[in-house]
Every structure is written in C-alpha cells, then in structure tokens.
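Here is the structure we will look at.
The values are calculated or read from the model by the stated rules, or taken from the named source; none is laboratory data. Fair warning: this is a prediction, and the values are worked out from it, not measured in the lab. Virtual Cβ from ideal backbone geometry, glycine too; neighbours counted across all protein chains shown. Heavy atoms of the whole protein, side chains included, go into the accessibility calculation; ligands, DNA and RNA do not. Shrake-Rupley method; radii C 1.70, N 1.55, O 1.52, S 1.80 Å.
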Amino acid sequence: VAPVAPYPAPYPAPRPRTATHPHTMAAEGGDKIFISGASGFSGSTIATGLLAKLGAGGAGRVRLGFRNTDKGAAFAEKGAEVVAFDAHDEATHAAALTGVHTAAFITPFNETAKAYYEAAIAAAVKAGVKHLVYLAAAGVPEEVDDSSPGIVKTHRAAINLTKASAPGWTIIAPTFFQDNVRQYNAASVKGGTVYGAAGDGKYSPIDLRDIAAVYAEVLTDPAAHDKKEYTLYGPEKLTEAEVYAKLSEHVGYEVKYQSVPAEGFGKTLAGYGIPPYNVEGLLFLETVKANNWAAVTDAENGDTVKGIIGRDLIKIDEHFAENKAAFARE
C-alpha cells in the first residue's frame, strides 16, 4: 500500500528534461540502478517497468536485491543482475551496492519500515550511491508530531533522511493504487460486499504501472529529476461506491460498497490479526478518502504523471477489464 496523508500539495509539471550523457554516471563511479523489494507488490511492478523501458540491451544495468535470491529468477531471465541484499545484514551490502549510481529501496508497510530504510540508506551512503529515489505518499505534511499516525511519521522521517543523505534525490509520492482492490479486497469482492469507512469521499486511484513508468524515467535519467518531489494522482475522482460499481460491470456480478463507522472497522481489522501500526494506518487512509484529501486528479495537479511518462494515464475501467480474472468466482 502507498499510504496517503492529508494536505495534498500540487507540484508543477517537471521541466523539460535534458539528456544524460551515456558516460556521465559511469564517470561518477558506476551506472548501475539498484532496487530492493522487487519481490513485493510495488517493487516487482517497478522493476518490471524499468526492465521494459531499458529492453534487452540495457537490462544489465539493473541490479535487484532480494533476501532470497530464488525470488529473482524471473528477473534474471530478463537480464537483470540478481543479488542478495538485506538492509540489516552488512555482509550483503558491498556486493549489492558497489558500482550503483541510483538506488530505490522499496520499504514494507509496517512498523519495521523506518529501521529498514535507515539501515539501507546508511549502506548506500557508505557504498557511494549518488542518487536516492524514495517511494513516499501523496501529501505527507512537512511537520509531524506525536499525534500523527505512524505511517505519516515514517514517511516524513524517510523523506528527510533521503534529502540529507545523498548528492541527488527524487521523492515519488503516489496516491492510492487501483491495484489495491485486486491485491487486498479480492475475497470481499467475490463475496459481493466490500466494507470500509470512506463514506462518500472521493479519491483518484492510480494504476501501479503508471507509477512504475514514472520510476523508469527517474531511474534511467536521475539528473533530469534531481531534487524533485512528484505527487502522483490518478486520472479521475471516484467514491468507493463508484469504484465497485465499475468493477461490477467487468466481473459479471454486483459488488456493493458498505461504509461503516471507523471504530468498528478498526476492531474488525484488529480481529483479523492485523498489527496495531497497520490498523492505525489503514484507518487513517479511510479518513483521507472520507475527507476528500486525495480528491485531486493528475490534470488538476499540472499533468505531473502525464508529463513524465508521455501518455495518458490508465483509467480504472481499463484496469478492471485487464484484471477481471482475479475476481472470478469458483
């Protein structure tokens, strides 16, 4: 999940890029692009998009770090270099990060994220990585305090650390993923009713492939995106009821959305064994939706995503049409 915090602050569309000389990064100590977390939901899509952009001829620039390298077999077949990497295991750092110019550490959505990212950044700095790319969240406020949800404090700390740690950096801050419906709610969808606490609030979900396309541009030409913060919104504003009405049109059966009080929803989540940090975060995300804090489209945000990837964004109808098999009932 890419948590979304309040106070969405639109950023201008990126300035026209200048091409990076092919030998520039090599002259600075290496031209490798490193991604950790490519076995996960977001990281795998980002790695896939990067390899697709580079093609067979450029895949050798990509180095992917895994705790278990067996999980990288499919990427190795596409030409990527697959290595062992654990932010908390110093013995894996040198082989993974030596010769890397640009690194993206995709962190987990749990209370271990802060410590993991701090360890990863320390390893990157020691190895001489020149550019860091952080997957943040739309609208993380500049100031946080003890009352802020854990996910907001984690993101703010990571953003600040990224900016302070390397000569170059880029912050990529997406809103809610269209893919979350498939990734987290498929069982509820098949049951006919999805529960949440978003009320009639609107938000603008974005397809993870569009986020990956932004990553591919940034990772392959970091100089053009140096010290930029990009907030990524989707192409249309929808309520949860509208999202599931659209899904119903593609799966062949009715899917309803039922909004319930946040307190009861939180107790339900906890009853499933979801840790308190995640429950707090998920309830906060429902609050974001309910209050229309993420009700901003890419067009209203200066065509930030479209300007970077050079095409129209994927709409949720297209996403559901392509992924309807995930919701097939037995």
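Odds and ends about this structure:
- Given (1) of a type in the set (G, A, S); (2) without any contact (Cβ under 8 Å) to a residue 12 or more places away in the chain; (3) open to solvent by less than 40 Å² (accessible area, probe 1.4 Å); (4) within 30 Å of G57 (Cβ to Cβ), index of the condition G310 fails: (3)
- All of A166, A157, A197, A213 fail the test of being farther than 27 Å from A299 by Cβ, open to solvent by 20 Å² or more (accessible area, probe 1.4 Å) and among the hydrophobic types (A, V, I, L, M, F, W, C), apart from A157.
- Condition met for E242 (of a type in the set (D, E) and farther than 21 Å from A197 by Cβ): no
- Against the test of being under 27 Å from G150 (Cα atoms), open to solvent by less than 50 Å² (accessible area, probe 1.4 Å) and in contact (Cβ under 8 Å) with a residue 60 or more places away in the chain, the options F327, F265 yield a single qualifying residue, F265.
- Tabulated pairs, the stretch 222-247, first within 15 Å of D303 (Cβ to Cβ) and in a loop (DSSP other than H, G, I, E, B), second modelled with pLDDT of 95 or more and open to solvent by 50 Å² or more (accessible area, probe 1.4 Å), C-beta under 9 angstrom, 6+ apart or interchain: Y233/A299; Y233/E300; G234/K315; P235/A299; P235/K306; P235/D312; P235/K315; E236/K315
- Scoring T162 on the criteria (1) within 15 Å of the chain's Cα centre (by Cα); (2) within 25 Å of T48 (Cα to Cα) leaves a single failure, condition (1).
- Of all residues making up the stretch 8-63, the number that are open to solvent by 50 Å² or more (accessible area, probe 1.4 Å), of a type outside the set (A, V, I, L, M, F, W, C) and either at positive phi or at pLDDT below 85 (or both): 13
- Residue in the stretch 107-120 that is modelled with the highest pLDDT, counting only those that are open to solvent by less than 20 Å² (accessible area, probe 1.4 Å) and of a type in the set (A, V, I, L, M, F, W, C): A120
- Candidate set: the stretch 121-154, residues that are free of Cβ contacts under 8 Å to residues at least 40 places away in the same chain and among the basic types (K, R); chosen: the one most open to solvent (accessible area, probe 1.4 Å): K126
- Residue-level check: of (1) in contact (Cβ under 8 Å) with a residue 60 or more places away in the chain; (2) among the aromatic types (F, W, Y); (3) closer than 19 Å to A197 by Cα, Y272 misses just (1).
- Looking across the stretch 69-102 at every residue that is hydroxyl-bearing (S, T, Y) and open to solvent by 40 Å² or more (accessible area, probe 1.4 Å), the one that is nearest to A52 (Cα to Cα) is identified as T69.
- Which listed residue is open to solvent by less than 30 Å² (accessible area, probe 1.4 Å), at negative phi and part of a helix (DSSP H, G or I), from E280, E286, E322: E286
- For the stretch 98-116, the count of residues that are in a helix (DSSP H, G or I), among the acidic types (D, E) and more than 11 Å from A38 (Cα to Cα) is zero.
- Just one of (1) in a helix (DSSP H, G or I); (2) in contact (Cβ under 8 Å) with a residue 60 or more places away in the chain fails for T162. It is (2).
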